Amino acid sequence: MIGRVARPLAGALAVVAVAGLLRLGVPHLPGGVSGARVGSSAPVRPAKGPCVLRADRLVLRGARFRGVVSVRTGNGRARALKFTVRSLDAVSLVLTAGRGRAAMRLRARPASISTLRGPGAGGVATLYVRRLTGRVTGLGGGPLPADRTVSVTPDAVPRWLSHPATRTRTITLAAATASQITQFGGRLSIKGPELRTAARVPHGA
């Protein structure tokens, strides 16, 4: 599937999750992956299986950490990190839903930039993440942490992220992974998306 697709991240993940977790056939969708638009006021219901975002570089623009919140999942309530962002750029984006050979993977064109933008002028998208890992390479011009390799979870939030005086800023991570990610509001643009099952993914990819 070649071309430009502009869909909500939650919608893209929903298609991948349904195809992989419920083992249903994936319909042919001209132009890319489709999904219903999810409003920012929708209840938080992450997919039952793991949904993971990986990127060579992840840039959260106009980002603000909103704290640790309790969200509803298919397996009950769980704690998650809440962020709002004006936009998000992901270089060499890979989205995976499900486990093992039943997993489905959505991969953007290598070295391309996939972008999530908040709705309207000055709008924000809301992200819920169970774990965020990577190497911090930028904090909006502020000083970088002494330990730049981070693994942020509800039980391990670094002070540079949670400090009450921290303003909205741009956060840049290299080799980033966001686990159990759910998004509300905004639209995601992916260049050259390719959807495949884990069984078709080359070893080591």
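The values are calculated or read from the model by the stated rules, or taken from the named source; none is laboratory data. The structure displayed is predicted, hence computed values, not measured ones. Note that we place each Cβ from the backbone using ideal geometry, even for glycine, and neighbour counts take in every protein chain shown. Just so you know, the surface numbers come from the protein's heavy atoms only, side chains and all, with ligands and any DNA or RNA stripped out. Shrake-Rupley method; radii C 1.70, N 1.55, O 1.52, S 1.80 Å.
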Notebook entry, point to check: Do you know which residues across segment 70-109 are at pLDDT 90 or above, under 19 Å from T153 (Cβ atoms) and either open to solvent by 20 Å² or more (accessible area, probe 1.4 Å) or part of a loop (DSSP other than H, G, I, E, B) (or both)?
Noted result: S70, R79, K82
Check: Among the candidates L93, L106, L53, which residue alone is closer than 21 Å to L161 by Cα and not polar (S, T, N, Q)?
Finding: L53
Item checked: Subset of segment 139-168 [surrounded by 16 or more Cβ atoms within 10 Å (Cβ to Cβ) and in a strand (DSSP E or B)] -> L139, V150, V152, T153
Checklist line | Residues satisfying the stated conditions in segment 55-88, i.e. closer than 19 Å to G122 by Cβ and either touching a Pro at 6+ places or on another chain (Cβ under 9 Å) or of a type in the set (K, R) (or both) | finding: R61, R64, R66, R86
Checklist line | Top-ranked residue of segment 175-195 - restricted to ones that are open to solvent by 40 Å² or more (accessible area, probe 1.4 Å) and part of a strand (DSSP E or B), ranked as modelled with the lowest pLDDT | finding: E194
